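The values are calculated or read from the model by the stated rules, or taken from the named source; none is laboratory data. These numbers were taken from a predicted model, which means no experiment stands behind them. All Cβ positions, even for glycine, are placed from backbone atoms using ideal geometry, and neighbour counts span all protein chains on display.
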Amino acid sequence: MAGTNGSCESYRLYCKRQGQAGGNYCVTARQGKLYLTHPNGADCNQIWYKVGNDKVGVIMLVHKATGMVVKHSTTGVQLQLVKKPSGCADKSVLWAESADVGSGYRFLKTQDDTNYVMDAWTGIINEGTIISIYPNCINDSNRNAENQLWKLAP
């Protein structure tokens, strides 16, 4: 994968769960934090690229407009953008993609604890829903994991 944002393939990051009013939502960055919004082809804050090793499955998600990377913290704490570290020592910016679970959707797991995944917080999909991490709900029969499934697509 290329290392500069000018030569990397760009994506939007779509949530599988549909919004309450219908329609798709994708991840955007506002003031350094991640939210869901309606896709807008003119909004550069919705564009991302991956840096890392797809063969190993460890990536960084880079915000194309700023060059900053997505950092996770603890359950319920909103994901934020930080400067890309010079080395790979900071595991809080590393993610692992699961296998395709259908239609191109995957879990985006924290690299240091793959039981935690990117999550549209509360599972209620609306404009402005915050993006956090939460334990993977794939095996929880009481929860639908669609708010934890993501597709990187143009």
Those residues of region 138-154 which are modelled with pLDDT of 90 or more and among the acidic types (Asp, Glu), in sequence order
GLU146
Go through region 127-137 and give me each residue that's modelled with pLDDT of 95 or more and polar (S, T, N, Q).
THR129, SER132
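Identify the residue in region 117-141 that is in a strand (DSSP E or B) and of a type in the set (Gly, Ala, Ser) and, among all such residues, is nearest to ALA153 (Cα to Cα).
Residues of region 117-141 that are in a strand (DSSP E or B), as a first pass: 117-120, 130-135.
Filter again for of a type in the set (Gly, Ala, Ser), leaving 120, 132.
Numbers: ALA120: 18, SER132: 20 Å.
Residue satisfying both the conditions and the ranking: ALA120.
Only one of ILE125, ILE133 is in contact (Cβ under 8 Å) with a residue 60 or more places away in the chain, surrounded by 18 or more Cβ atoms within 10 Å (Cβ to Cβ) and more than 13 Å from the chain's Cα centre (by Cα); which? Explain how you work it out, then say what you get.
Numbers: ILE133 fails: more than 13 Å from the chain's Cα centre (by Cα).
Exactly one residue qualifies, and that residue is ILE125.
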